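Below you'll find the structure, written out as structure tokens, and then a few comments.
The values are calculated or read from the model by the stated rules, or taken from the named source; none is laboratory data. All values reported here derive from a predicted model rather than from experimental measurement. Glycine gets a Cβ as well: all are built from the backbone with ideal geometry, and neighbour counts include every protein chain shown. Accessible surface is based on the protein model in full, side chains and every heavy atom, while ligands, DNA and RNA are left aside. Shrake-Rupley method; radii C 1.70, N 1.55, O 1.52, S 1.80 Å.
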Amino acid sequence: MRYYLGIDIGTYESKGALVDSDGQIVATASQSHRMQVPRPGWAEHDADRDWWGDFVTISRSLLSQSRVDPAHIRAIGPSGIGPCMLPVDEAGTPLMNAVLYGVDTRAVQEIEELTKTIGIERLLSECGNSLTSQSVGPKILWLKRNRPELFARTHKILNSSSFLVHKLTGRFTTDHYTACGSTPLYSAERLTWDDSYADLITGPERLPDLLWTTDVAGTVTPAAAEATGLAAGTPVITGTVDAAAEAVSVGVLGPGEMMIMYGSTIFIIMLTAERVRDPRLWYSPWLFEGQHACMSGLATSGTLTHWFRERFAGELDPASAVETLAREAAQSPAGSHGLIVLPYFSGERTPIHDPHAKGVIFGLDLTHSRADIYRAFLEGIAYGVNHIVETYAEAGQKPTAIEAVGGGTKNQVWSQAVSDITGDEQTIRSRTIGASYGNAFLAAVAIGDVQREDIRRWNPVERTIEPDRSLASVYSRQFNIYKRLYAQTKDLMAEISG
């Protein structure tokens, strides 16, 4: 039997899957870690401990559980959160904690200055994206300004998947999909690093080699084999960002097909027939040459429900708290007895791109229960998703099919609210483990053992979530209030942020 290994590094948890040639999951493993928030607006991981440490632990766990001979693993696929910013020295040793994706908003000043210097039209034309907290370029400029001695020692600036690939193979690489998050350093027009900003930010010499996601970056070195238990010489693909691997895992293959990933954040990917140039959304070449993707995401989703559990349901058994709160929320009616939540607890990404945005719980009175408030949190995230789907439609990209994936799909109140509020059906595949499964499939594609279309054979449809049309008037009214709340409180939020 042939096997494929996929491991994904998440915001709070890493997951791995060992998959056979029929797409059956032979073993799974996970490892938790914490996101460090040393200052408001900062979000970091210890790359050696959280990224590589998790990879090693999960790899050894999968091999131990399955008793599969490592020599029978045909290829390895890594992925991780992104886009991130991790400076390393010539040996690939991290020089500081990794600065995470859009939830880290430290480079607000650099975003504003670079946007003014470069101009929004040039950014959209050449890079495919405006500058937001999701962009790596401003964070590198922040590093250059605030830690100049460290910057001078920086050999390469990596993301999560490229760090794993280097630890496994010794090579510094990244895929085009991930690289496009390095705005303004990546040219979406020419599919290459842009040396125009060498003096302003940094030059291509500090950036990893560009490959496509399923290109084989190298093979497992003897040192990596000893650490992970894998066989030296096993092919390692370039890999990608976790959300892209998740989209692959549920069969997103062609234009108009969308994935909604219910994780620590909501992340949405839709494949498009051509480049989409809209400052409210993100663009990247897709994992395979000649394809395009349009992305979006909320800053807090699963992170917000996690926060709620810790602060307001601490007496519940941690093992069953999620299920208990979901049952409570199901007893509250659609609309949460008039409560509306703006889920901007870490600022917000698309479509408003406002790092100063603040969370709001609107409409409280003494009759409201914890169930109402928790349901309002879930509906607030769903309103955020609807705001994004509405933005896609305004950009001429209304989805033709929506695939849902991630741990949040198990929360029926949450996933049903998304369908009820957007009015769209969502498809749930039989395997929702997510990116690690997609990584294993991409590894199989890379060495020619399967074709891209085979993912729908590997992972067939299990069920669909149909919108309840009878709730349209309730949710339409509250969604309009949701948008007006942000517009009317924006200045106050910025003032609170200082």
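Evaluate the range 125-132: report whether one residue or more is among the charged types (D, E, K, R), more than 20 Å from the chain's Cα centre (by Cα) and not in a helix (DSSP H, G or I). Within the range 125-132, none of the residues are among the charged types (D, E, K, R), more than 20 Å from the chain's Cα centre (by Cα) and not in a helix (DSSP H, G or I). In this structure, is A75 in a helix (DSSP H, G or I), in contact with a Ser or Thr (Cβ under 9 Å, 6 or more places away or on another chain), touching a residue at least 40 places away in the same chain (Cβ under 8 Å) and of a type in the set (A, V, I, L, M)? Taking the combined requirement at face value, the residue does not satisfy it. Residues that are within 22 Å of G256 (Cβ to Cβ) and polar (S, T, N, Q) are absent from the range 357-369.
Within the range 32-50, can one find any residue that is β-branched (V, I, T) and over 20 Å from the mean Cα position of the chain (by Cα)? No. Within the range 2-34, how many residues turn out to be part of a loop (DSSP other than H, G, I, E, B) and buried (at least 18 other Cβ atoms within 10 Å of the Cβ)? Going through the range 2-34 one residue at a time, the tally reaches 4.
Is it the case that some residue within the range 139-153 is open to solvent by less than 30 Å² (accessible area, probe 1.4 Å) and part of a loop (DSSP other than H, G, I, E, B)? Checked the range 139-153: no residue is open to solvent by less than 30 Å² (accessible area, probe 1.4 Å) and part of a loop (DSSP other than H, G, I, E, B).
Do we have any residue at all in the range 390-408 that's farther than 28 Å from N129 by Cα and among the charged types (D, E, K, R)? No, the range 390-408 contains no residue that is farther than 28 Å from N129 by Cα and among the charged types (D, E, K, R).
Listed by position, the helices (runs of 4 or more DSSP H) contained in the range 167-270 that have at least 3 residues being farther than 21 Å from R74 by Cα are 176-179, 242-249. For first residues located in the range 471-496 and free of Cβ contacts under 8 Å to residues at least 12 places away in the same chain and farther than 14 Å from S336 by Cα, partners that are of a type in the set (D, E, K, R) and not in a helix (DSSP H, G or I) and lie 6+ apart or on another chain with Cβ distances below 9 Å form the pairs L492/K358.
The lone criterion from (1) buried (at least 23 other Cβ atoms within 10 Å of the Cβ); (2) assigned to a strand (DSSP E or B) left unmet by Y101 is number (2).
Only residues that are within 14 Å of S135 (Cβ to Cβ) and aliphatic (A, V, I, L, M) were counted across the range 179-199, and they come to 3. Given (1) within 19 Å of H176 (Cβ to Cβ); (2) open to solvent by less than 10 Å² (accessible area, probe 1.4 Å), identify the lone condition not met by S59. Result: S59 fails condition (1) only. In the range 246-264, the residues that are closer than 13 Å to L287 by Cβ and in contact (Cβ under 8 Å) with a residue 12 or more places away in the chain reach residues that are open to solvent by 10 Å² or more (accessible area, probe 1.4 Å) and among the charged types (D, E, K, R) with C-beta atoms within less than 6 angstrom, at least six apart or across chains, in these pairs: V252/E403; M259/E403. In the range 405-429, of all residues being outside any helix (DSSP H, G or I) and at pLDDT 95 or above, the one that is most open to solvent (accessible area, probe 1.4 Å) corresponds to E425. On the given criteria, is T464 of a type in the set (S, T, Y) and under 30 Å from T238 (Cβ atoms)? It is false that T464 is of a type in the set (S, T, Y) and under 30 Å from T238 (Cβ atoms).
Going by the conditions given, is G181 open to solvent by 10 Å² or more (accessible area, probe 1.4 Å), at positive phi and not hydroxyl-bearing (S, T, Y)? So G181 fails the test. Yes or no: the range 223-242 includes at least one residue that is open to solvent by 40 Å² or more (accessible area, probe 1.4 Å), out of contact with any Ser or Thr (no Cβ under 9 Å at 6 or more places or on another chain), of a type outside the set (G, A, S) and free of Cβ contacts under 8 Å to residues at least 12 places away in the same chain. Yes.
One line per residue, one yes/no per condition, for (1) assigned to a helix (DSSP H, G or I); (2) open to solvent by 10 Å² or more (accessible area, probe 1.4 Å); (3) closer than 30 Å to Y3 by Cα:
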{"residue": "A443", "(1), (2), (3)": "yes, no, yes"}
{"residue": "P467", "(1), (2), (3)": "no, yes, no"}
{"residue": "A472", "(1), (2), (3)": "yes, yes, no"}
{"residue": "R477", "(1), (2), (3)": "yes, yes, no"}
{"residue": "I481", "(1), (2), (3)": "yes, yes, no"}
{"residue": "Y486", "(1), (2), (3)": "yes, yes, no"}
{"residue": "T489", "(1), (2), (3)": "yes, yes, no"}
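Going through (1) part of a strand (DSSP E or B); (2) out of contact with any Phe, Trp or Tyr (no Cβ under 6 Å at 6 or more places or on another chain) one by one, A293 falls short only on (2). Could you check the range 361-377 and list, in sequence order, the residues that are in contact (Cβ under 8 Å) with a residue 60 or more places away in the chain and either open to solvent by 10 Å² or more (accessible area, probe 1.4 Å) or more than 14 Å from A313 (Cβ to Cβ) (or both)? Correct list: F362, I373.
In summary, G102 fulfils each of the numbered conditions (1) modelled with pLDDT under 95; (2) under 30 Å from D20 (Cβ atoms) with the single exception of condition (2).
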